[in-house]
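The values are calculated or read from the model by the stated rules, or taken from the named source; none is laboratory data. In this text the structure is predicted, and so the values were computed from the model without any measurement. Methodologically, a virtual Cβ is constructed for each residue, glycine included, from the backbone with ideal geometry; neighbour enumeration extends over all protein chains shown. Ligands, DNA and RNA are stripped out before the accessible areas are found, and what is left, the full protein with its side chains, is counted by its heavy atoms. Shrake-Rupley method; radii C 1.70, N 1.55, O 1.52, S 1.80 Å.
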Amino acid sequence: MTTTKKRVLSGMRPTGKLHLGHLHGVLDNWKKLQEEYECFFFVADWHALTTNYEKPGDINYNINEMLLDWLSVGIDPEKATIFVQSDIKQHAELHLLLSMITPVSWLERNPTYKEQQQNIEGKDLSTFGFLGYPVLQCADIIIYKANLVPVGVDQLPHVELTREITRRFNYLYGDTFPVPESMLTETPKLPGLDGRKMSKSYGNSIFISDTPEEIRKKMSTMVTDTMRPKKEDPGDPENRCVAFNLHKLYIKKERLNEIVEDCKSAKLGCVKCKKELGDALCNFLSPIQEKRKELENPEKLAEILNKGRGKALIVAEKTLKEVRNGIGLRNIA
Ligand code: TRP
């Protein structure tokens, strides 16, 4: 039987523990995709070095924590190929070859290049590696001949560049790669504790692996309806309450309707309401965290990564053979 499933590829930089924004913004989507497509999900550890080369930190710890989160929420190594970028050296070889055909001007006009250089303070990002970030990303994608790349809006320029580099390769050396498409998915708006977008760097995150105590404590600090300073003031949860975005995810529909009523009629105060939300969130996370505990075993994780590496390597090396032949290079693996 031949598979006609389209191939999906996506990656994340190893930032360590993931928060609820990652869960509902990215991982819930990956979970759906792994049922429908042939999926490759990988840890972009070399990409992390493009901005953190001076202080790489504990890369392996960050990889493991992130992987534990992926697996505990249901990214399934039986369904998707899960691996680490630096385990597959062919990404580096393809990056080098693509760098030969990529005009510097394409990279200089990449909006994220200029933006990050200006916005990230205290880091010298005028490096060759950082300029070439999208070239490496292109290699990550086309080495698996991916058709679809699920990403957030911030990554769209990189997929666009990938498409341009891919077309140039196909033009110069013969049709080798499908030109991949980005796949934008609608994600629920998930504010952090202070109402801004949930982000590790803002210190406003609830992590998938936070303990019930941490969650309850954090929840008590979460912003609600700022126009409702006292319980006696009627609230407007749907339009003004920051925490209500989480209620919608973790509280059952019938109860949710009651909460809305009781908030609007000033019967239910925010302290009590957030307590209920904290409990609901703890219940939601409890099976995930149990699974995480089970997986917190370096041998098990290594086994999963090894298996993923094996599968990815076969595809990547096969592609590189075609690439070397297409260009006319020697071909000894
Ligand atoms: N640049 C992506 C990010 O920061 C991570 C990434 C690297 C990626 N290679 C990729 C995403 C290939 C999709 C496909 O989120």
Checklist entry - So which of 136, 107 is of a type in the set (A, V, I, L, M) and free of Cβ contacts under 8 Å to residues at least 60 places away in the same chain? => result 107
Checklist outcome for this item: Residues of the stretch 31-46 being closer than 15 Å to residue 134 by Cβ and over 13 Å from the mean Cα position of the chain (by Cα), in sequence order, are 46
Checklist entry - How many of the residues making up the stretch 115-131 are without any contact (Cβ under 8 Å) to a residue 60 or more places away in the chain and surrounded by 12 or more Cβ atoms within 10 Å (Cβ to Cβ)? => result 3
Item to check | Positions within the stretch 164-206 being of a type in the set (Lys, Arg), within 25 Å of residue 8 (Cα to Cα) and part of a loop (DSSP other than H, G, I, E, B), in sequence order | outcome: 189
Checklist outcome for this item: When the stretch 68-86 is checked residue by residue, the ones that are surrounded by 18 or more Cβ atoms within 10 Å (Cβ to Cβ) and acidic (Asp, Glu) are 69
Checklist outcome for this item: Going through the stretch 82-128 in order, the residues found to be within 14 Å of the ligand (Cβ to nearest atom) and of a type in the set (Phe, Trp, Tyr) are 83, 113
Item to check | Every residue from the stretch 53-67 that is in contact (Cβ under 8 Å) with a residue 12 or more places away in the chain and either assigned to a helix (DSSP H, G or I) or open to solvent by less than 10 Å² (accessible area, probe 1.4 Å) (or both) | outcome: 59, 61, 62, 63, 64, 65, 66, 67
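This table checks each residue for (1) of a type in the set (Phe, Trp, Tyr); (2) more than 30 Å from residue 291 (Cα to Cα).
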residue	(1), (2)
159	no, yes
162	no, yes
169	yes, yes
173	yes, yes
181	no, yes
186	no, no
191	no, no
211	no, no
218	no, no
Item to check | Selection from the stretch 183-197 of residues that are at pLDDT below 90 and charged (D, E, K, R) | outcome: 186, 189
Checklist entry - From the list 238, 276, 290, 258, which one is under 30 Å from residue 64 (Cα atoms) and either out of contact with any Ser or Thr (no Cβ under 8 Å at 6 or more places or on another chain) or open to solvent by 80 Å² or more (accessible area, probe 1.4 Å) (or both)? => result 290
Next on the checklist: Being touching a helix residue (DSSP H, G or I) at 6+ places or on another chain (Cβ under 6 Å) and assigned to a loop (DSSP other than H, G, I, E, B) is the filter here; which residues of the stretch 288-332 pass it?
Outcome noted: 331
Next on the checklist: Within the stretch 17-30, take every residue that is within 14 Å of the ligand (Cβ to nearest atom) and open to solvent by less than 10 Å² (accessible area, probe 1.4 Å) and give me the one that is nearest to residue 192 (Cα to Cα).
Outcome noted: 18
Item to check | Condition check for residue 153: within 12 Å of the ligand (Cβ to nearest atom) and at pLDDT 95 or above | outcome: no
Item to check | Selection status of residue 165, among the hydrophobic types (A, V, I, L, M, F, W, C) and modelled with pLDDT of 95 or more | outcome: yes
Checklist outcome for this item: Within the stretch 31-52, restricting to residues that are assigned to a helix (DSSP H, G or I) and within 11 Å of the ligand (Cβ to nearest atom), the one that is most open to solvent (accessible area, probe 1.4 Å) is 46
Checklist entry - Does residue 203 count as more than 16 Å from the ligand (Cβ to nearest atom), without any contact (Cβ under 8 Å) to a residue 12 or more places away in the chain and not assigned by TED's automatic domain parsing to the domain that holds residue 267? => result yes
Next on the checklist: Just to check your reading of the model, which residue among 156, 161 is open to solvent by less than 50 Å² (accessible area, probe 1.4 Å) and outside any loop (DSSP other than H, G, I, E, B)?
Outcome noted: 161
